[in-house]
Amino acid sequence: MSRAANRVVDILSVLYHKDELSLTEITSILNIPKTSVYDILSALEKRGIVERANPKLKTYRLG
């Protein structure tokens, strides 16, 4: 599996096990660059796979 695909699966897995996480928390847990996590979350959000749980706190959860 490609690195990009692994990152997507890792992000989805972390969100599955937690109620909601911020971009910084996901980055810290997975040790993935913040820009990469942001790009992946944006793509997943556009597809309805993740959603912003709390826009003020900038947290995400599965959609």
Please enumerate the residues belonging to the range 33-58 that are of a type outside the set (A, V, I, L, M, F, W, C), closer than 15 Å to VAL14 by Cβ and within 9 Å of the chain's Cα centre (by Cα). TYR38
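Quick grid of which residues meet (1) out of contact with any helix residue (DSSP H, G or I) (no Cβ under 6 Å at 6 or more places or on another chain); (2) loosely packed, with under 15 Cβ neighbours inside 10 Å; (3) touching a residue at least 24 places away in the same chain (Cβ under 8 Å):
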{"residue": "LEU15", "(1), (2), (3)": "yes, no, yes"}
{"residue": "SER28", "(1), (2), (3)": "yes, yes, no"}
{"residue": "LYS34", "(1), (2), (3)": "no, yes, no"}
{"residue": "LEU41", "(1), (2), (3)": "yes, no, yes"}
{"residue": "ARG47", "(1), (2), (3)": "yes, yes, no"}
{"residue": "VAL50", "(1), (2), (3)": "no, no, yes"}
{"residue": "LYS56", "(1), (2), (3)": "yes, yes, no"}
{"residue": "THR59", "(1), (2), (3)": "yes, no, yes"}
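Bear in mind these aren't lab numbers, they're just calculated from the coordinates by the rules spelled out. Predicted model only: the values in this text are computed from it and were never measured. Please note: Cβ atoms are built from the backbone with ideal geometry, for glycine as well, and neighbour counts cover all protein chains shown.
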